Amino acid sequence: APRTSKGSVLRSGRSFGKDSATNHWQGIIDRLNTLLSILKENFVPPIIVQKIFTQIFSYINVQLFNSLLLRRECCTFSNGEYVKAGIAELELWCCQAKEEYAGSAWDELKHIRQAVGFL
């Protein structure tokens, strides 16, 4: 799935294979896992880790939400399903990372979760 010029992970109206769609989200999950491993290995206090992931998820929320608002081609049912699948991957990651490290990061995605529900 192509990225928008501003680095968003929303797809254009064209249809691509499921593997292509999940590869982008898997890349994000892989980066989150790498970052979490680095922070744990360096004994960063869990509260700091929580704040870092809260900021990352807030950034993801803002980027996705703004893309939906500003780009007409992003407001499609298929794109909504794509983003919904990605959000489900992020939710799974939060559960696996445990409350100690993920904290309230999941709550930061509330605006995009609501917006995707409308698509």
> Any idea which residue in region 61-73 is surrounded by the most Cβ atoms within 10 Å (Cβ to Cβ), counting only those that are within 20 Å of residue 90 (Cα to Cα) and of a type outside the set (A, V, I, L, M)?
Replying inline: 67
>> What pairs come out if I take residues in region 99-110 that are within 15 Å of residue 60 (Cβ to Cβ) and charged (D, E, K, R) and pair them with residues that are surrounded by 13 or more Cβ atoms within 10 Å (Cβ to Cβ) and modelled with pLDDT of 95 or more whose C-beta lies under 6 Å away, six or more apart or interchain?
In response: 108/54; 108/57; 108/58; 108/61
> Given 84, 51, which one is over 25 Å from residue 23 (Cβ atoms) and assigned to a helix (DSSP H, G or I)?
Replying inline: 51
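The values are calculated or read from the model by the stated rules, or taken from the named source; none is laboratory data. Here the structure is a predicted model, which is why all the values come from computation and not from measurement. In this analysis, Cβ positions are derived from the backbone assuming ideal geometry, glycine residues included, and neighbour counts consider all displayed protein chains.
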